Amino acid sequence: MWGITAVVGAYLVFFLITAPHDAFDSIPTGITSLTLLIYSIFYLFERMNDPSSLYLFSSPVFWIVVAIIIYSAGTFFPFIYAKNNMEEADFKKIYDLIHDTLYIVKNVIFSFAIMIKTKPERKYAGKTISKKR
Amino acid sequence: MILLQVQSTTQPILLFGTMGMLALAIGLIVFIIFHQRRVIRYQSQLQEMEEEQQKILLNASIRWQEEERQRIAADLHDDAGPLLATARLYLNENLVHQDINTQLQSIYNAKQIIDDTIQLIRNISHSLMPPTLKNFGLESAVNDLFQKISGSGVVNASSRFHDYRQRLRPEQELLIFRVIQELVNNILKHSGSSFIHVTQNYNEDKFFIRLHHDGRGITQADFERLNKSALGLGLKNIQSRAKVLQAKIEFERDPSETYFKVTLEVPIEDYEMSN
């Protein structure tokens with residue numbers, strides 16, 4: 001995992017220095033989306049296998065990760081194609097529709113996550129879990 | 001509609017790719033939520049079963065204590081009480097008005113009765129805490145018990161302790177001894193076996209007691225079933241004692257189906273083999 005972070009970080013820094021600034025940066029944006037997806041899925045599977053986190057969906061972090069997954073998965077293809085097609089009006093319409101919708105969805109889920117209060121943990125069947133909502 | 005306006009080859013890929021990615025992402029999230037719900041339900045069931053089992057064991061323990069108290073009360077009331085009352089009769093106030101021979105006879109009789117009472121109380125005390133176990137350890141107590149059983153001539157009981165060079169903590173020894181006693185008691189009552197053999201070993205921080213017999217026995221499935229039912233008070237006592245010892249108990253039948261085996265596995269970390 002640290003290896004992926006280091007490689008992606010190094011590539012993004014390299015791209016930031018060398019790339020022209022007059023077009024949409026599809027490749028770094030796509031890579032960022034993929035990296036976020038991989039990390040988020042990895043996080044969710046780690047939490048799934050952790051017996052201490054039974055009530056996963058009562059945790060704000062879970063909803064933040066869900067928002068990131070939905071936004072990154074939904075915007076991956078628009079970002080990949082944006083560099084070469086942003087000039088086309090039809091593409092721009094679809095891009096805006098997908099991106100803006102997912103942006104709103106992401107922010108709504110973020111708001112929901114912020115509003116969730118972390119429940120105090122309690123002992124349950126020999127394990128520590130969050131209190132049932 | 002925007003979808004109808006799509007004409008280039010890029011845009012269907014974009015739309016379907018996005019929908020596919022979103023479907024995968026949402027599917028993953030739904031899967032995780034459902035999986036979590038299933039785990040929660042399983043945990044709740046597990047907790048309920050554990051609570052039920054605890055309740056059964058606690059009830060068994062209380063019942064066993066009550067039965068033990070009743071037995072001691074009955075022994076004291078039915079045996080010690082009349083003996084002491086008889087001794088009191090011999091030593092009543094009229095004794096001083098009687099002749100010397102009658103007095104001596106009465107005193108002698110009272111002494112005999114008091115000796116019997118002492119022996120009776122000693123027996124009750126020994127049944128609560130065997131002196132051999134207290135003074136000489138588990139091996140001697142088991143040997144003592146088995147000598148008494150073999151003495152009857154009906155069952156051949158023997159034991160062999162391979163790695164018992166250091167005594168365990170007294171409470172551990174008493175619990176292990178009670179488990180062996182209960183197992184042997186069950187074998188004598190229900191199995192109709194001709195031999196009982198107990199072996200002891202120590203391996204990888206675990207103290208093993210293995211008991212073999214050739215009569216009718218039970219398997220692990222029977223043990224668990226009886227533990228959950230209202231029957232089998234003795235088995236529940238074994239289970240609760242094993243729980244206090246943090247031990248595992250396993251009932252099995254050997255592959256040749258000639259004898260049954262019970263293994264008690266007690267974790268003991270500070271046991272020194274060199275002593």
Practice problem: Can you tell me which of B:70-80, B:154-164 comes out highest on packing, and rank the rest after it, using the mean Cβ neighbours within 10 Å? | Solution: B:154-164, B:70-80
Quiz prompt | Listed residue pairs exceeding 32 Å between alpha carbons, taken from B:K111/B:K134; A:K117/B:K248; A:K117/B:K228 | solution = A:K117/B:K248; A:K117/B:K228
Quiz item: Can you pull the mean other chain C-beta count within 10 Å for peptide B:17-28?
Solution: 6
Exercise. Within the stretch B:118-133, find all residues whose amide N lies under 19 Å from a label point positioned 7 Å from the Cα of B:L89 along Cα-to-beta-carbon.
Key: B:118
Practice problem: Report, in deg cm²/dmol and to the nearest 500, the calculated mean residue ellipticity at 222 nm for chain B, where each DSSP H run with n ≥ 4 adds -39500 (n - 2.57) and the sum is divided by the residue count. | Solution: -20500 deg cm²/dmol
Quiz item: Tell me, what is the FRET efficiency for A:F42 and B:K243 to the nearest 0.05, using R0 = 41 angstrom and their Cβ-Cβ distance as r?
Solution: 0.55
Quiz prompt | Cα-projected label distance for A:N84 with B:F195, points at 7 Å along beta-carbon direction, nm | solution = 8.5 nm
Quiz item: Shape call for the protein assembly as shown from the C-alpha gyration tensor, a ≥ b ≥ c root eigenvalues: rounded (a/c under 1.5), prolate (a/b greater than b/c) or oblate?
Solution: prolate
Quiz item: Between the stretch B:112-165 and the stretch A:68-99, what's the alpha-carbon centroid distance in Å?
Solution: 86 Å
Quiz item: Once you sort the root eigenvalues of the Cα gyration tensor of chain B as a ≥ b ≥ c, which label holds: rounded (a/c under 1.5), prolate (a/b larger than b/c) or oblate (the other case)?
Solution: prolate
Quiz item: Counting GluC sites (Glu not before Pro) as exposed when in a DSSP loop with at most 11 other beta carbons within 10 Å, what is the longest stretch of chain B free of them?
Solution: B:1-203
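Taking square-rooted eigenvalues a ≥ b ≥ c of the alpha carbon gyration tensor, is the stretch A:30-119 rounded, prolate or oblate, where a/c under 1.5 means rounded and, failing that, a/b exceeding b/c means prolate? Write out the running numbers ahead of the final one.
Numbers: a/c = 4.75, a/b = 2.00, b/c = 2.37.
Oblate, because a/c is 1.5 or more while a/b does not exceed b/c.
Rule-based calculations on the coordinates, nothing more; no lab input. Please read these numbers as outputs of a predicted model, since none were measured by experiment. Cβ atoms come from the backbone with ideal geometry, glycine included; neighbour counts cover every protein chain shown.
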